[in-house]
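**Student:** This is the structure I have questions about; it appears just below.
Computed from the coordinates by the stated procedures, all read-outs in this text should not be read as laboratory data. These numbers come from a predicted model, not from an experiment. Here the Cβ positions follow ideal geometry from the backbone for every residue, glycine too, while neighbour counts run over all protein chains shown.
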Amino acid sequence: MKNLTTLIIASTLLVGTCVPVLAQVNTNTTIQSGRVNTNDSSQQGRDNDNASHQTGQDNANRSRQSGDINTNQTGQFGGGRNYNESEQKENDRFKKR
């Protein structure tokens with residue numbers, strides 16, 4: 001009986017942790033402070049959000065997003081080079097028919 005109770009509790013926790021994945025909401029928040037900062041992200045879901053804050057001599061942010069709502073916010077501060085590339089496309093897979 002104790003093993004069955006443990007199995008039920010573990011199953012409930014596993015399902016609870018999978019809910020954000022099933023909801024198709026992807027969030028990426030990155031804060032980088034260093035000499036060279038690189039953030040590469042790829043998100044495929046209904047709602048995709050990428051936010052990055054980079055402080056350094058070389059800052060690079062590359063974001064690929066495919067979904068109904070795609071947002072990318074980038075703040076790059078420092079001396080040398082700042083590079084931001086964002087590719088966003090609407091994904092027909094999530095549209096209601």
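**Student:** Would you please give the residues with an amide H less than 5 Å from that of Ala51, counting only those at least 5 places away or on a separate chain, with H modeled from the backbone geometry?
**Tutor:** Under 5 Å from the amide H of Ala51 lie the amide H atoms of Asn28, Thr29, Thr30, Gln73, each far enough along the sequence or on another chain.
**Student:** Shifting gears a bit: What residues have an amide H closer than 5 Å to that of Thr38, excluding those fewer than 5 places away on the same chain, when H is modeled at 1.01 Å from N in the peptide plane?
**Tutor:** Those qualifying (amide H under 5 Å, at least 5 residues apart or on another chain) are Ala60.
**Student:** Evaluate the distance, in nm, between pseudo-label points positioned 7 Å from the Cα of Val25 and of Glu85 along their respective Cα→Cβ axes.
**Tutor:** About 3.1 nm, to one decimal.
**Student:** If you place +1 on the Cβ of every Lys and Arg, -1 on the Cβ of every Asp and Glu, and leave all else neutral, what size is the dipole of the stretch 34-89 about its Cα centre, to the nearest 20 Debye? Working shown, then result.
**Tutor:** On the way: 6 positive and 7 negative charges, 30 e Å.
Using only the charged Cβ atoms, the result is roughly 140 debye.
**Student:** Taking amide hydrogens as modeled 1.01 Å from N in the peptide plane, which residues meet the under 5 Å criterion relative to Ser86, leaving out close sequence neighbours?
**Tutor:** Amide H neighbours of Ser86: Ser63.
**Student:** Could you go through the stretch 60-74 in sequence order and give the Karplus-derived ³J(HN,Hα) for each residue, using 6.51 cos²θ - 1.76 cosθ + 1.60 with θ = phi - 60°, rounded to whole Hz, and x for Gly and Pro?
**Tutor:** Couplings: 9, 10, 10, 10, 10, 9, 9, x, 6, 10, 10, 10, 9, 10, 9 Hz.
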